[in-house]
Structures are given as C-alpha cells and as structure tokens.
Amino acid sequence: MAVPSPSFRYLRTVSKSDALIGCAIVALGTFEAFTVATEYGAAETPEPWWIGQAIVTGVLVWARRRAPVAVFILMILAQYVWYRQGYEFCQTWQLASLLIVFHTIGAELPLKPGLAWAVAGVLVFDSGAVDHRGLPFGEVTFLTVIFGAAYLTGLALHVHATRTLRLSAHAERLERDRERRAAEAVAEERIRIARELHDVVAHSVSMMVMQAGVLRRTGSRTGSGDAEALLGIERMGREAVEELRVMLGALRMPLDETIPQPGLDLLFGMVNALVSSGLRITLDVRGEAVRLAPGLDLSVYRITQEALTNAVKHAGESEIRVIVSYRPGSVEVEVLDEGGGGPPGLSTGNGLAGMRERAALFGGVFEAGPRPGGGFRVHASLPISLEALVNEWTR
C-alpha cells in the first residue's frame, strides 16, 4: 500500500509553532536593525527598512510548510537581493531562516525531490552566485556543512514520520483483520445455532408425529390411550416451541445476552439496593407469580431495569413505583415516577427503542410517555401464552 508523503501534513494548515517561529524571526531582525546595523555594512544604526525585510522573511518562514519549494526559492532570492545592496555579511536572522527552510525541504518533501532541491541550494551558495564573489574553501565547507546538516535533520524527521505512518497503517490493517475474523466467528456461531434449531425442531416434530400415529392406531380401543397420546403431543409441542424461542432469542439478541441471564427474581435485590441508598422506590407484585421462559424473563427484567434506571436519573427526589402484574396469559410491568421524567434520548443503554424492541420480540405492547398529572410512565405487557408466542414467530 502506498504511504502518503508524510511529514506532519498538518502543514496544510499553519500551526501555532510556525507562527511563533515567524514572529521570532521578525523580532530578531528588528533587534539587529536597531543595534548592529553598521556591523553588517549599513551607513547608520538603526536601519528601519531592515524591519520590512525581516517581516517578509518571517511571513515566509511562517508559511513554509504550506509551500516548501516556493518559500525555499524566495528565501534564496531574498539573499541575492540583500547582497546586491552592497552588504558583505549575512545577518543572524537571515542565516537562521535559511537553515529553517533547508530543514523544511528535508522534512516535507520525498527523498529524491527534497535532496535535489537541497543540493541545488547548497551549490548556489557555494558557487558565489548569491553574493557575486568567489568563496574561500573554508567558507564553502562551512556553508555545505550547516545547510547539509539542516537538510539531514529534516530528512531524519521525514523518515521517522513515514515509519510512524506505516506502523499506524499496519496496526489499522491488523485491527480490521481482527474485527473481520471476529465477525466471521460470530457468523459461524450463528449458523451453528441455526443448525441446532433445525435439528431440535425436526426431532420434536418427529416425536409428535409418532405420538399422533399411536393415537390413530389405538383409536377408541382404550379409554386411556387417547389421553396419554394427547398429553405427549402437548408436551412435545411445548418443548419444541420453548426450544425454538430459546434459539431465536440467541440469534436475535446481542451477543452478550446469549449466555444465561438474570430474570425477575433479581428485581427485589435491585430495588432494595436502590432503597438502601436513600431513594424512594416501592415494588408492588400483583397476581400469582408464574415461571417465565428464560428469554421472556430476561426481557421483562431488562425492560424494568432500563425504565427504573431512567426514572432514577430524571425523577429527582420524587417517589418511584414499580408494578409487576401477572395476569392470565401475560405479564405486565409498569414504572411510574412523579418527577420530570426522562426524555427518550437520555435513557441508558438502548433507551426506549431498546425496551420497545424487547417487548416486540415476544409480541408484547410497549408504551412510554409523560403522565397527565406530571411525571413519566413506562408500561409493557408481554404475552406468556403458547398461542401468542407461536403467532408472533410465524407472522
């Protein structure tokens, strides 16, 4: 995979550090203009027009990451203009700016074009093309070393940034591969569960057919044969529906809920824990409690837990009532509070949408909204009859 030319491509936007460096160049140039202008060949100190040149140079340094080649060329031209005015020496702020742009060429450009520009710049200075004079060997060596060192530091930064990008890209690929393998494992597991579902239903239905055959053969010869066969058919049918419900729940619910989960038997402990922390919560269980199927028990518990958590978060100090009602063929849960109530978007987990989906999974009805007298109400009614479950799954 091609790695994009790096080097901190925040260079497309001017950073604060670049602005500070540019301001430092302007400040240094202004200082030298007011203190040592005559040492560089000026007629007098201060030399006000040097300030303008320092400002231009500072702006170029400030924008160097956005256009490294253009700034590099303009800086060399600025030095040429400087020497054409009769000055014999390069000011400190000018030399610092040149070193910075040589560094930028190494840091911001790929190896070949960056090296080419750096070598061209060194040759321009070493040949005396900038100040129109032949340079002694010592000065040529000095310029080659300092400009070459500036470029090499930038190149080292470029290599480090490239390596960092490659490592980051490699880590991202590994993470994507891990996620893909995990998704494939999940898909395989769901396929396995679906096969188990098929096998369970096929076996149970086969047993029901056998029992029906027994019923047909016995006829009216025995008074108890029909009753026993019918009882066997009913039992096998219920087991088939129960296995179907468990398997479908495993396929449709989140992965973290495909393992044994809590039910309404833990509701008392949850309420007591909240009451012991100072909350005003009452739990009212109406009707005769019946054993619910595991998936249904889990969904009712999760709906109650979600609604109660939402009420605790938004009801303030008002009283919260939790009512669980066991009715013929259904189980109902109602959470009432007298406070402001919680808006749907602020509930925990999947919120009201998640509670509604849990109720719909078992063919139930879910309602939530403000109460006429103030507060908030969450109500869910889920069927527990065999016919309702079968109708929901075959719909």
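The values are calculated or read from the model by the stated rules, or taken from the named source; none is laboratory data. Because the structure is predicted, anything quoted here is derived from the model rather than measured. FYI the Cβ positions are ideal-geometry reconstructions off the backbone, even for glycines, and counts take in every protein chain you see. Heads up: the accessible areas ignore ligands, DNA and RNA and are worked out on the full protein's heavy atoms, side chains in. Shrake-Rupley method; radii C 1.70, N 1.55, O 1.52, S 1.80 Å.
For this structure, a couple of remarks:
- Residue that is at pLDDT 90 or above, assigned to a helix (DSSP H, G or I) and open to solvent by 50 Å² or more (accessible area, probe 1.4 Å), where the choices are Leu77, Leu28, Leu115, Leu98: Leu115
- Flag for Val69 being surrounded by 15 or more Cβ atoms within 10 Å (Cβ to Cβ), at pLDDT 85 or above, in a helix (DSSP H, G or I) and in contact with a helix residue (DSSP H, G or I) (Cβ under 6 Å, 6 or more places away or on another chain): no
- Gly106, sole failed condition from (1) surrounded by fewer than 22 Cβ atoms within 10 Å (Cβ to Cβ); (2) in contact with a Leu (Cβ under 6 Å, 6 or more places away or on another chain): (1)
- Looking only at the range 80-95, and only at residues there that are open to solvent by 80 Å² or more (accessible area, probe 1.4 Å) and among the aromatic types (Phe, Trp, Tyr), the one that is modelled with the highest pLDDT: Tyr80
- Selection within the range 46-78 - more than 21 Å from Cys23 (Cβ to Cβ) and in contact (Cβ under 8 Å) with a residue 12 or more places away in the chain: Val69, Ile76
- Hits in the range 297-317 - residues which are more than 21 Å from Gly351 (Cβ to Cβ) and either open to solvent by 60 Å² or more (accessible area, probe 1.4 Å) or in contact with a strand residue (DSSP E or B) (Cβ under 8 Å, 6 or more places away or on another chain) (or both): Glu317
- Those residues of the range 138-172 which are open to solvent by 50 Å² or more (accessible area, probe 1.4 Å), in contact (Cβ under 8 Å) with a residue 40 or more places away in the chain and under 32 Å from the mean Cα position of the chain (by Cα), in sequence order: Leu157, Thr164, Leu165, Arg166
- Here is the figure for the range 125-137: residues that are open to solvent by less than 50 Å² (accessible area, probe 1.4 Å) and in a helix (DSSP H, G or I) total 2.
- Selection status of Ala33, open to solvent by less than 60 Å² (accessible area, probe 1.4 Å), more than 25 Å from Leu123 (Cα to Cα), of a type outside the set (Val, Ile, Thr) and at pLDDT below 85: yes
- Tabulated pairs, the range 89-105, first closer than 12 Å to Ile76 by Cα, second assigned to a loop (DSSP other than H, G, I, E, B) and hydrophobic (A, V, I, L, M, F, W, C), C-beta under 8 angstrom, 6+ apart or interchain: Leu98/Cys90
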